[in-house]
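The values are calculated or read from the model by the stated rules, or taken from the named source; none is laboratory data. Nothing here was measured: the structure is a model prediction, and the numbers come from that model. Every residue, glycine among them, receives a Cβ derived from its backbone with ideal geometry; neighbour counts consider all protein chains shown. These accessible areas exclude ligands, DNA and RNA; they are computed on the full protein's heavy atoms, side chains included. Shrake-Rupley method; radii C 1.70, N 1.55, O 1.52, S 1.80 Å.
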Amino acid sequence: EAMEGDIVTSSGFFTWHQRYILVEGLIPLCSCGGLMDIITVDLAREVLLVGKGINFIRYCLQDKDWEVAETEENESADNGAVVDHDRSYNFATLMDVSDDDELQCVSTLHDAVMKSSARIHSHILESLEKQHHMMHHLLALKHFLFLGQGDFVSSFVESLDQEFRGRTSIAGIYSHTLSAVLEGSLRKTNARFLPNFVLGNLRARLMQGKHDPDQYWMGLPPKAKEDEMTPWKDDEASIQDPWDFIYLDYKINSPLDAIVHGSAMETYQQVFFFLFRLKR
């Protein structure tokens, strides 16, 4: 069922992960005495994924003309098979059918759900890869947040070193300055050959306000004055190393946010901060 209070949205994350849930107590004809389980919990979960997939295709991929039934008939025609439109089952007549028909009904329902699920997920993956450039964006995360683009990373670090030299705080470091450093490093390295839809999602940012750079450590490093890797504070003043506040951000738009969602991006940022502190 749909979550209470939700709205129609094109967010891939919301549509896939939050909009619908499975209520096991409302599964029809499940564990009801003498009649065999027509819809088991596992099959119901697969049905839920089919429904999520259809809504994902229509509202997130904006492919409202695609129909799973038409795909089935086209595939059968391509294979030379004949689609039988007369042999069908529904829940209203399940209690009246014979044992043989009941077994056939369960088998037909299971096969129909599995085939529909395979077609739907195949179409989603094909659309994400061909129309929304999923692999390009995943590779970009590796290049930039995992520091895989070596020439870019070296140029970026060298440019930041010139900008941050002699600074003891982040005051006076502006977003347009970081953007200029980033764009310069992109132009001077092989990263310039990446597609514009990739480069346009990359940003250099500075953590401010409530953000604590130590949240991206792998573990809990002690804050001590002799530890040069973390900013330290005393009662009257604080020293802020700009290197502890700079980070690269890569924007993931819908529908790809269903795959690389907010919590996944937090993990990517943790890895970036750890690698970036080692690299500098």
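Points to keep in mind about this one:
- Residue match in the range 126-135 (condition: more than 29 Å from LEU275 (Cα to Cα), touching a residue at least 60 places away in the same chain (Cβ under 8 Å), open to solvent by less than 70 Å² (accessible area, probe 1.4 Å) and not hydrophobic (A, V, I, L, M, F, W, C)): yes
- Residues of the range 258-280 satisfying the condition of being open to solvent by less than 40 Å² (accessible area, probe 1.4 Å) and either in contact with a helix residue (DSSP H, G or I) (Cβ under 7 Å, 6 or more places away or on another chain) or over 30 Å from GLY166 (Cα atoms) (or both): ALA258, VAL260, ALA264, MET265, GLN269, PHE273
- From PRO213, PRO242, PRO255, PRO222, residue being at pLDDT below 55 and open to solvent by less than 20 Å² (accessible area, probe 1.4 Å): PRO213
- Of residues in the range 1-36 being open to solvent by less than 60 Å² (accessible area, probe 1.4 Å), of a type outside the set (Gly, Ala, Ser) and modelled with pLDDT under 70, the one farthest from the chain's Cα centre (by Cα): LEU35
- Positions within the range 254-280 being farther than 11 Å from LEU141 by Cβ, of a type in the set (Ser, Thr, Tyr) and without any contact (Cβ under 8 Å) to a residue 12 or more places away in the chain, in sequence order: SER263
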